[in-house]
Amino acid sequence: MDSEVKDYLDVTDDLLPADEREDLAVNKVADVALRKRSAAPNQIAFVRYLALPFIFLTVALLGGLRLSGLDSSFVFLKPPLLCLIFAAILLVMFFRARLIDLEGWFSESFSLLKNLANGAVLLTLFAATTQLFNSLLPEKGLPFWIVAFCFFWTLWNNLFADFDTKKLLRSLGALFGLAFVVKYLVLANLAAPEGRTWFERLTENPGQEAMTWLLDLPRFSAGTGYIQFFAAALFLIGLYLLPASTNDYEA
Amino acid sequence: MLYGNAQIIAMKEKYIHILSLAMTFVYGAFVVFLYAAEPRSIEEISSKAKSTVENAVTKGQVVTGTYEIDRQKYNEGLQAFRIDNFIAARDSFDRADPEKRDVKTQFYIAYSYYRQGWGRVSNDDALFKQGLTSLERVTMLDPNFRSDDTNLQLRTPAELRNELEEGMKVTADDFNPLRLVRERK
């Protein structure tokens, strides 16, 4: 017994051979690295696959929602065909400016499920973009065609310009901001309020009544502007959260 | 250890994708439903949803070949038809056969237009036209249809069509005073 203890005490070298020790170290490092990385990818995945579709679908829901000027009841306006065309052009711009890297969203190296989930996220982005144009374009009459032409002019020019992601986002922010001001501040204030007789409207505010008639302005409740502001802000937040590629982390 | 951890993480990723697809589908369907049904208030959403589900179920029954008319509504319609309450009869028949696929019900609807539009002196052309439209549906569903209701004098679509078409024409016969004693069929 004493001799065994003495043997252990006499050991001055390592207990494990050098090659075995290295294996353990490599395993440990990989294990720690995996544990460190495992939390972040899950969070990223939650944002990409749950938060983003939720945000974009909420924009799609709110984008066509108006409140009636008479009793504040819901009015759901389906997007005109032009909105789908604008949304398609904008998505092409996203691809060109590398805001969305197509190879990073769809790849043969991804599982089918991941490709499907990525496709669903991009589909919700398209729906949200369509509805954002539906929200920002005036509903009918001369203002619709003027604003639609301005949108088309800007998008068409931008389509062939060299953009980086930041410039594109800034440009879009400015474009959408201006359109919002035109529709929900300028045109909304030109529209005569609902719920009065034709004679009352004409005698109380002939200017507003004339503009409403000339520009064929719809009479919506003031709450519509607040809803659409929220929708536009939500869309920009969604764009900010949207990654260029989904293969920047490994699960 | 390493492989164990990697497997668990991969599963989670997979579940997130499945959850994402499910959420996108459900929420997307809800958005599409709202724009299709166009409810005017939050309270109206539930009633619109109910009617949409009922409609979808009926369409599903048609596709799977299990569609059946609502017997109770049909009997109510028949009762109203027999006491000459044609508007109520048509309403019940429409509810009994929302997909307009039951030949018998559609024949009664066409017949109700004839009986309601019939007049001793002159007929209501608008109702007769609607009767002809309904009759086209009957012919489309079953070209050889023959009603088994002995209370009806016009038992086939051809007979009823002839009566409706003749009723809309203006002929010298219309001025025959004996027309006043004719009976509704």
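The values are calculated or read from the model by the stated rules, or taken from the named source; none is laboratory data. Computed from a predicted structure; not experimentally measured. All Cβ positions, even for glycine, are placed from backbone atoms using ideal geometry, and neighbour counts span all protein chains on display.
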Legend entry - Count of residues meeting criterion [more than 10 Å from chain B (Cβ to nearest Cβ) and polar (S, T, N, Q)] in the range A:94-133: 4
Inset, instruction - Check every one of the helices (runs of 4 or more DSSP H) wholly within the range A:94-186 and list those with 1 or more residues that are closer than 23 Å to B:I16 by Cα, among the aromatic types (F, W, Y) and without any contact (Cβ under 8 Å) to a residue 60 or more places away in the chain. - result: A:112-136
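Would the range A:160-168 turn up any residue that is within 30 Å of A:L214 (Cα to Cα), more than 20 Å from the chain's Cα centre (by Cα), more than 14 Å from chain B (Cβ to nearest Cβ) and surrounded by fewer than 20 Cβ atoms within 10 Å (Cβ to Cβ)?
The initial filter retains those residues of the range A:160-168 that are within 30 Å of A:L214 (Cα to Cα), namely none.
No: zero hits.
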Inset, instruction - Among the residues of the range A:65-88, write down those that are closer than 19 Å to A:V147 by Cα, over 20 Å from the mean Cα position of the chain (by Cα) and surrounded by fewer than 16 Cβ atoms within 10 Å (Cβ to Cβ). - result: A:L81
Inset, instruction - Consider only pairs whose beta carbons are under 9 Å apart and that are at least six residues apart or on different chains; among these, list those whose first residue lies in the range B:32-43 and is more than 8 Å from chain A (Cβ to nearest Cβ) and whose second residue is of a type in the set (S, T, N, Q) and assigned to a helix (DSSP H, G or I). - result: B:F33/B:T52; B:A36/B:T52; B:A37/B:S51; B:A37/B:T52
Inset, instruction - Find the helices (runs of 4 or more DSSP H) located wholly in the range B:78-185 whose residues include 3 or more that are surrounded by fewer than 16 Cβ atoms within 10 Å (Cβ to Cβ), and list them. - result: B:86-96, B:125-141, B:157-168
Inset, instruction - Might you check whether a residue that is out of contact with any Phe, Trp or Tyr (no Cβ under 7 Å at 6 or more places or on another chain) and under 30 Å from A:L215 (Cβ atoms) occurs anywhere in the range A:118-127? - result: no
Inset, instruction - Check A:E194 against each of (1) assigned to a helix (DSSP H, G or I); (2) over 23 Å from A:I85 (Cβ atoms); (3) modelled with pLDDT under 85; (4) not β-branched (V, I, T) and name the one condition it does not meet. - result: (1)
